[in-house]
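Here is the structure we will look at, set down as structure tokens.
The values are calculated or read from the model by the stated rules, or taken from the named source; none is laboratory data. Since the structure is predicted, the reported quantities are computational estimates derived from the model, not experimental observations. With ideal geometry, Cβ positions are generated from the backbone for all residues, glycine too; neighbour counts draw on all protein chains shown.
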């Protein structure tokens, strides 16, 4: 059986990319192979299977509205139970039964509450251990991240180097990780494999929407945390210019504000709303509500400065909706294959693309057709590639190869 560490996702209501990937990967991997989620219970000092509360959380969290707080929440009962068990066992570290698991997969960014206890878990399991790497933004651009994440990140990178292999979610993320290890002067790190992400939906059930006639007031959707890195500023400046020119369209933003860099974006949004422009901002949405926003929109915009992957763009294309997007970071892996207008991350470039999309009658249907006819990876594709990687590592270990 494969163990999948979901210590954070089993206790967090956040709907950000890492949580979506971690939860979706568990569902897909359990469809493909014998696998289950585990957590590190810091109160019990134990690696263990999920309890009933954690299983219910993973089952129902997608139906709940997203929240700003990303921290994991442990109930009072879980804390008291854990401390009682830890005292009962003399506070020794408890590991899974020997032979229960054949490998370990860690899809989350792990903090100091989990990282120090991973080596003992890997040693107990004995089989291959693979971590998923999302991006190095906290290391390369510390001004854009949460202070505690930025402070923790160098040690996290060192702990990643203890795995048998790392699966980066894009070619850009793979290159970034190798560069980070070189900057930290880490010698002989494990191999890094670029394994492109996929979407959380059943295979062969693509939610493709027909293009349809152009509405009187097309709606442009942007799904992203409100923060400097996502570059709402470029979209909002471009939209204001075009509104002042008399073009008819609406902008719909979905996302919670970032605790550190979100305030200027929120101020810009509120100023445009107070000026009477057709700008809607919703916070976090549950999965069903977000699906409806994608179905209703005419196109999406994603002018991000830097991405480990860029799931909202792939989601847009999955619905057959064109995307105005940059190709920074992991976006470069897939945005040039149809359905996208690729822009630079500045207001002028976004404005030019928006004007073309709104005023050139043939452009939108052409992009819709490209989006509808391109292949879209799913989480099952991602899980299958990871399963194959784990199998290859297991074969190499059994043969005594490094």
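Quick one: which residue in 32, 50, 2 is in contact with a helix residue (DSSP H, G or I) (Cβ under 7 Å, 6 or more places away or on another chain) and within 26 Å of residue 284 (Cβ to Cβ)?
Result of the check over 32, 50, 2: 50.
How about the range 14-25: which of its residues are surrounded by fewer than 23 Cβ atoms within 10 Å (Cβ to Cβ) and out of contact with any helix residue (DSSP H, G or I) (no Cβ under 6 Å at 6 or more places or on another chain)?
Passing the criteria: 14, 16, 18, 20.
Restricting the search to the range 128-145, which residues are at pLDDT below 85 and within 16 Å of the chain's Cα centre (by Cα)?
Passing the criteria: only 145.
Which of the residues belonging to the range 124-149 are in contact with a strand residue (DSSP E or B) (Cβ under 6 Å, 6 or more places away or on another chain) and under 25 Å from residue 399 (Cα atoms)?
Within the range 124-149, 125, 127, 128, 129, 130, 131, 132 qualify.
Yes or no: residue 381 under 20 Å from the mean Cα position of the chain (by Cα), surrounded by fewer than 23 Cβ atoms within 10 Å (Cβ to Cβ) and part of a helix (DSSP H, G or I)?
For residue 381, the condition - under 20 Å from the mean Cα position of the chain (by Cα), surrounded by fewer than 23 Cβ atoms within 10 Å (Cβ to Cβ) and part of a helix (DSSP H, G or I) - is met.
Give the residues of the range 225-257 that are on the phi > 0 side of the Ramachandran plot, crowded, with 20+ Cβ neighbours inside 10 Å and at pLDDT 95 or above, sorted by residue number.
Listed by number, the list holds a single entry, 231.
Every residue, every condition in (1) crowded, with 19+ Cβ neighbours inside 10 Å; (2) touching a helix residue (DSSP H, G or I) at 6+ places or on another chain (Cβ under 6 Å); (3) free of Cβ contacts under 8 Å to residues at least 60 places away in the same chain; (4) in the same structural domain as residue 285 (by TED's automatic domain parsing), yes or no:
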residue: 297; (1), (2), (3), (4): yes, no, no, yes
residue: 304; (1), (2), (3), (4): yes, yes, no, yes
residue: 322; (1), (2), (3), (4): yes, yes, yes, yes
residue: 334; (1), (2), (3), (4): yes, no, no, yes
residue: 351; (1), (2), (3), (4): yes, yes, no, yes
residue: 355; (1), (2), (3), (4): no, no, no, yes
residue: 366; (1), (2), (3), (4): no, no, yes, yes
residue: 386; (1), (2), (3), (4): yes, no, no, no
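Evaluate the range 220-238: report whether one residue or more is farther than 17 Å from residue 303 by Cα, part of a helix (DSSP H, G or I) and assigned by TED's automatic domain parsing to the domain that holds residue 327.
no
State all residues of the range 336-369 that are under 19 Å from residue 232 (Cα atoms) and part of a loop (DSSP other than H, G, I, E, B); if no residue qualifies, say none.
343, 344, 345, 346
Table: residues versus (1) under 17 Å from the mean Cα position of the chain (by Cα); (2) outside any helix (DSSP H, G or I); (3) without any contact (Cβ under 8 Å) to a residue 12 or more places away in the chain.
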position: 177; (1), (2), (3): yes, no, no
position: 188; (1), (2), (3): no, yes, yes
position: 205; (1), (2), (3): no, yes, yes
position: 210; (1), (2), (3): no, yes, no
position: 213; (1), (2), (3): no, yes, yes
position: 241; (1), (2), (3): no, no, no
position: 260; (1), (2), (3): no, yes, no
position: 266; (1), (2), (3): no, no, no
position: 272; (1), (2), (3): no, no, no
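Examine the range 360-377 for a residue that is in contact with a strand residue (DSSP E or B) (Cβ under 8 Å, 6 or more places away or on another chain) and within 23 Å of residue 107 (Cβ to Cβ), and state whether such a residue exists.
Yes: the range 360-377 contains one or more residues that are in contact with a strand residue (DSSP E or B) (Cβ under 8 Å, 6 or more places away or on another chain) and within 23 Å of residue 107 (Cβ to Cβ).
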